[in-house]
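Chemist: Take this structure, written in structure tokens, and hold onto it; I'll ask about it next.
The values are calculated or read from the model by the stated rules, or taken from the named source; none is laboratory data. No experiment lies behind these values; they were computed from the predicted model shown. Here the Cβ positions follow ideal geometry from the backbone for every residue, glycine too, while neighbour counts run over all protein chains shown.
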Amino acid sequence: MGRRWRDGAGTLRVVGADGGPVRLEIAASYRARTRGLLGRDGIEGALLLTPASGVHTFRMGFPIDVAYLDRGLRVLAVRTMPPGRLGLPRPRSRHVLEAAAGALAGWGVRPGAVLEIEG
């Protein structure tokens, strides 16, 4: 999967899940990845950081769900992180998906799930 991602909007689907598409923001540039969710009060949909293997929640005002994805967009791990935490980088992680706390489980994002991204 040698896809080159660009900053912008897209949609996310969980392969085999019943839910519909989820609104996705793609942060592929250094500037967009660095900004991430900082300064926001919340998020509708999800944010894909690519490439990325870890995240932090310093200076964030709300807890988030974090899914670590491999090259094939398979979910390696899912964690909920409160503000002010440093998530350790995950080996084999190439992308990180962030959403409001509790959202990922509702979409069927769990370890082993495969995601499809259009955008």
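Chemist: Filter segment 8-43 down to residues that are in contact with a strand residue (DSSP E or B) (Cβ under 6 Å, 6 or more places away or on another chain) and among the charged types (D, E, K, R) and give me whichever is nearest to Val96 (Cα to Cα).
Modeler: Taking the candidates together, the pick is Arg33.
Chemist: Go through the residues of segment 56-63 one by one and say whether even a single one is of a type outside the set (Gly, Ala, Ser) and touching a Ser or Thr at 6+ places or on another chain (Cβ under 7 Å).
Modeler: Our first condition is that a residue be of a type outside the set (Gly, Ala, Ser); within segment 56-63, this holds for 56-60, 62-63.
Then keep just the ones that are touching a Ser or Thr at 6+ places or on another chain (Cβ under 7 Å); that gives 63.
Taking every residue of segment 56-63 in turn, at least one turns out to be of a type outside the set (Gly, Ala, Ser) and touching a Ser or Thr at 6+ places or on another chain (Cβ under 7 Å).
Chemist: While we're here: Can you give me the number of residues within segment 84-119 that are surrounded by fewer than 18 Cβ atoms within 10 Å (Cβ to Cβ) and within 18 Å of Gly72 (Cβ to Cβ)?
Modeler: Of the residues in that region, 11 qualify.
Chemist: Here's another thing I want to ask about it. Tell me which residues, restricted to segment 17-41, are in a loop (DSSP other than H, G, I, E, B) and among the hydrophobic types (A, V, I, L, M, F, W, C). So that I can check it myself, show each step before the final result.
Modeler: Going through segment 17-41, the residues in a loop (DSSP other than H, G, I, E, B) turn out to be 17-21, 28-29, 36-41.
Matches in segment 17-41: Ala17, Ala28, Leu37, Leu38.
Chemist: I'm trying to understand the selection: among the residues of segment 53-70, which are closer than 21 Å to Arg4 by Cα and modelled with pLDDT of 95 or more?
Modeler: Ala67, Tyr68, Leu69, Asp70
Chemist: Tally up the residues in segment 28-72 that are over 12 Å from the mean Cα position of the chain (by Cα), exposed (fewer than 14 other Cβ atoms within 10 Å of the Cβ) and over 15 Å from Gly10 (Cβ atoms), please.
Modeler: Residues in segment 28-72 being over 12 Å from the mean Cα position of the chain (by Cα), exposed (fewer than 14 other Cβ atoms within 10 Å of the Cβ) and over 15 Å from Gly10 (Cβ atoms): 14 in total.
Chemist: Out of the residues in segment 90-105 that are charged (D, E, K, R) and assigned to a loop (DSSP other than H, G, I, E, B), which is nearest to Ala46 (Cα to Cα)? Write out each step before concluding.
Modeler: Taking segment 90-105 as the starting set, the residues that turn out to be charged (D, E, K, R) are 90, 92, 94, 98.
Of the ones still in play, those that are also assigned to a loop (DSSP other than H, G, I, E, B) are 90, 92, 94.
On the way: Arg90: 19, Arg92: 21, Arg94: 16 Å.
Among them, the one singled out is Arg94.
Chemist: Also: Is there a residue in segment 1-16 that is out of contact with any Cys (no Cβ under 9 Å at 6 or more places or on another chain), part of a strand (DSSP E or B) and surrounded by fewer than 12 Cβ atoms within 10 Å (Cβ to Cβ)? Break it down stepwise before answering.
Modeler: The first filter runs over segment 1-16 and keeps only residues out of contact with any Cys (no Cβ under 9 Å at 6 or more places or on another chain), leaving 1-16.
Imposing the further condition that a residue be part of a strand (DSSP E or B) reduces the set to 8-14.
Now restrict to residues that are surrounded by fewer than 12 Cβ atoms within 10 Å (Cβ to Cβ): 9.
The answer is yes, given that some residue of segment 1-16 is out of contact with any Cys (no Cβ under 9 Å at 6 or more places or on another chain), part of a strand (DSSP E or B) and surrounded by fewer than 12 Cβ atoms within 10 Å (Cβ to Cβ).
Chemist: Then there is this: Please go through segment 8-40 and give me each residue that is more than 20 Å from His56 (Cβ to Cβ) and either at pLDDT 90 or above or of a type in the set (Phe, Trp, Tyr) (or both), ordered by number. Working first, answer last.
Modeler: Kept after step one, since they are more than 20 Å from His56 (Cβ to Cβ), are these residues of segment 8-40: 8-24.
Listed by number, the residues that qualify are Gly8, Ala9, Gly10, Thr11, Leu12, Arg13, Val14, Val15, Pro21, Val22, Arg23, Leu24.
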